[in-house]
Amino acid sequence: MQNAALAEVGLTSWRYQLLPIPPDLFPDTVPALAAAGFRGINVTIPHKEAALGLAHSATERAQAIGAANLLIFEDGGAITADNTDAPAIARALPEGLEGGSALVLGAGGSARAAVWALREAGAEVRIWNRTPERAWEVTEQLGGLVVERLEPADLLVNCTPVGLNGQDEELKQLPVGADDIAMYGCVIDLVYSPLDTALIRAARRAGKPAVDGLELLVTQGALSFEQFTGVAAPLQRMAEAARAG
């Protein structure tokens, strides 16, 4: 997706690449990347909270969320952190959510971004996580309520990694089943998969509006692209590349 965007705008000397970094090597590896010629990095599970801690400065939203998915290497070696997950989620939210309700599944970095975006939109947010203590940590910093069982809501947001393989049986790993989808007005799944996730398929079968992870990936990727390059992102080309990939 990013390499297709670079080619589209003529930045042929740029390259976007995968860097698998184990958590124990992350703090030592990231500061060395600027000297290796990197302009910045996108960060995903499980590094989003650690990424914020490595930055010398951060945007207000990254600070408030407590997690970053984007690090920019400035001249002189300084690292700036941002969170483009949150504005991507905000753009995907249904209209009229102010005063409405949302149930967020998960309590990691992506869930933090979702909770922040939802509360900024004026929604009442409830959080479910397999480990309730982690959910309590999120609510203490960002607000919201912790729940231990399903509750009806205007919006359901999956911020867990469940669904990466696109298999129907994966839905059993979530607290929400196909029969429960009727309790929600809209479903957003942050998991991006070559196939629709089981949650997204269940939502569409139930006739509910659904936003899949690839749509969110493209949006946050475009926001990252613009910070990396200073050039407007070719959004349509990025979406085509993501779907084709």
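Every number here is computed from the coordinates shown, using simple stated rules; none is lab data. Because the structure is predicted, anything quoted here is derived from the model rather than measured. Neighbour counts are summed over all protein chains in view; Cβ atoms, including those assigned to glycine, are modelled from backbone coordinates with ideal geometry.
Between Ala50, Ala222, Gly144, whose Cα lies farthest towards the positive end of the dipole of the chain when Lys and Arg beta carbons carry +1 and Asp and Glu beta carbons carry -1, centred on the Cα centre?
Farthest towards the positive pole: Ala222.
What FRET efficiency, computed as 1/(1 + (r/R0)^6) with R0 = 30 Å and r the Cβ-Cβ distance, is obtained for Ala32 and Ala232, rounded to the nearest 0.05?
Efficiency, from the Cβ-Cβ distance: 0.50.
Eigenvalues of the Cα gyration tensor times 5, then square-rooted: what semi-axes does that give for the stretch 144-222, in whole angstrom, largest first?
Taking √(5λ) for each eigenvalue gives 19, 15, 13 Å, largest first.
Per residue of the stretch 121-134, in order, report the coupling 6.51 cos²θ - 1.76 cosθ + 1.60 (Karplus, θ = phi - 60°) as ³J(HN,Hα) in whole Hz, putting x for Gly and Pro.
7, x, 8, 7, 10, 10, 10, 10, 8, 4, 9, x, 4, 5
Which one of Leu25, Leu171, Leu97 has the biggest mean-square fluctuation once the chain is modelled by GNM with Cα springs under 10 Å?
Highest fluctuation of the listed residues: Leu25.
Which of Gly106, Gly122, Gly213 moves most in a GNM of the chain, Cα contacts under 10 Å?
Gly122
At most 14 other Cβ atoms within 10 Å and a DSSP loop assignment: could you name the chymotrypsin sites (Phe, Trp or Tyr not before Pro) in the stretch 167-245 that fit?
Passing both the DSSP loop test and the Cβ count: no residue.
Once phi is turned into ³J(HN,Hα) by the Karplus curve 6.51 cos²θ - 1.76 cosθ + 1.60 with θ = phi - 60°, what whole-Hz value does each residue of the stretch 195-210 show in order, with x for glycine and proline?
10, 4, 6, 4, 5, 5, 4, 5, 5, 5, 5, 7, x, 9, x, 9
Please identify every one of the GluC sites (Glu not before Pro) in the stretch 95-171 that sits in a loop by DSSP and has no more than 15 other beta carbons within 10 Å of its own beta carbon.
Glu95, Glu98, Glu148
Contact order normalised by length for the stretch 33-127, with contacts defined as Cα pairs under 8 Å and 6 or more residues apart; what percent is it? Walk me through the numbers on the way to the answer.
Values: 160 pairs, mean separation 23.1, N = 95.
Result for the stretch 33-127 is 24 percent.
Given an 8 Å cut-off on Cα distances and at least 6 residues of separation, report the relative contact order of the stretch 87-211 as a percent.
23
Calculated FRET efficiency, Ile21 and Gln173, Cβ-Cβ r, R0 25 Å, to nearest 0.05?
0.45
For Rg and Dmax of the Cα atoms in Å, which listed value, (i) 17.9, 55; (ii) 20.0, 67; (iii) 18.0, 58, comes from the coordinates shown?
(i)
For the stretch 30-96, what D do you get in µm² per second when you plug the Kirkwood radius from alpha-carbon pairs into Stokes-Einstein at 10 °C and 1.306 mPa s?
Calculated translational D: 129 µm²/s.
About the Cα centre of the stretch 87-211, what is the dipole size in debye to 20, counting +1 per Lys and Arg Cβ and -1 per Asp and Glu Cβ, all else neutral?
With only Lys, Arg, Asp and Glu charged at Cβ, the dipole is about 200 debye.
Which value, in debye to the nearest 20, describes the size of the charge dipole of the chain about its Cα centre when Lys and Arg Cβ atoms bear +1, Asp and Glu Cβ atoms bear -1, and nothing else is charged?
Values: 18 positive and 30 negative charges, 75 e Å.
That gives the chain a dipole magnitude of about 360 debye.
Hey, if you put +1 on the Cβ of every Lys and Arg and -1 on every Asp and Glu Cβ in the chain, which of Gln2, Ala68, Leu93 ends up farthest toward the positive end of that dipole?
Gln2
Using the Karplus curve 6.51 cos²θ - 1.76 cosθ + 1.60 with θ = phi - 60°, what ³J(HN,Hα) values do you get for each residue of the stretch 174-182, in whole Hz, with x for Gly and Pro?
So the Karplus estimates, Gly and Pro as x, are 9, x, 10, x, 4, 6, 8, 4, 4 Hz.
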